[in-house]
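Data block below; observations after.
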Amino acid sequence: MTEDESHSEEGLMKRQTTGEDRVRMVARQLSEPRTVNWIASEAGWSHEPTKRVLGRLVDDGILHRDESGTHTTYSPDYRRQAMQEAMRLRDSGHTVEELTDRLTGMKAQIRDWEDEFDLESPNQLRGSLATDDLDTDEENRRREIAREWEHLQRRIQIVGFAIREWDFLAPTTDSAGASS
């Protein structure tokens with residue numbers, strides 16, 4: 001894709017969406033806390049309207065606002081995301097046995113890393129970068145494993161929740177039957 005095509009696609013997105021739409025798209029894709037200015041810049045919209053949209057997203061429980069630091073930041077409501085992900089897993093067509101196998105595989109991978117490094121957490125693995133004499137490739141490998149380890153820990157929680165709440169998460173097909 002040429003630079004002109006990239007710019008024309010960005011322009012097309014801005015012409016076909018409102019500023020509020022773009023703020024909502026950016027906000028739903030956040031993976032870490034961000035300021036209003038950062039979100040406004042990503043959405044290509046001004047500060048004040050972005051702040052109003054973010055306020056509504058906080059009120060709707062989609063985002064969390066943190067005013068404890070030097071700058072107010074917005075981040076996803078991780079509980080809501082976890083519930084939605086558990087529902088997606090339930091609705092994905094996988095059986096509870098397939099999810100249980102996936103859970104077992106993730107836990108086995110973490111046990112393998114614990115055994116390989118004789119450590120109990122991703123942060124301990126990161127700490128080994130300071131104490132062990134490692135070459136650059138091994139340092140990079142350990143950083144990547146620590147990130148993956150943390151990711152698997154989060155996935156284990158969500159997949160475990162989906163398995164435990166399998167029946168509760170089942171889609172309802174007969175709302176009239178539920179009230180009788």
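With +1 on each Lys and Arg Cβ and -1 on each Asp and Glu Cβ, how big is the dipole of the range 80-164 about its Cα centre, in debye rounded to the nearest 20?
Using only the charged Cβ atoms, the result is roughly 820 debye.
Once label points are set 7 Å from the Cα along Cα→Cβ at both E120 and K51, what is their separation, rounded to one decimal in nm?
Inter-label distance under the simple model: 4.6 nm.
Going toward the positive end of the dipole of the chain, with +1 on Lys and Arg Cβ and -1 on Asp and Glu Cβ, which of Q16, M106, W166 do you reach last?
Checked the options; the winner is Q16.
Fully extended, how many nm does the chain gain between N37 and V96 (0.36 nm per residue separation, minus their Cα-Cα distance)?
That pair, N37 and V96, stretches by 16.9 nm at full extension.
Scanning the chain for GluC sites (Glu not before Pro) in DSSP loops with at most 15 other Cβ atoms within 10 Å, what's the longest stretch left with none?
1-66
Mind giving me the nanometre distance, one decimal, between the label points for H71 and T136, set 7 Å out from Cα along Cα→Cβ?
Label at H71, label at T136, 3.1 nm between them.
What size of dipole, in debye to the nearest 20, comes out for the chain about its Cα centre when the only charges are +1 on Lys and Arg C-beta atoms and -1 on Asp and Glu C-beta atoms?
1040
Coordinate-derived values only; no laboratory data. What you are looking at is a predicted structure, and each value in this text was computed from that prediction instead of being measured. All Cβ positions, glycine included, derive from the backbone under ideal geometry; neighbour counts span all protein chains shown.
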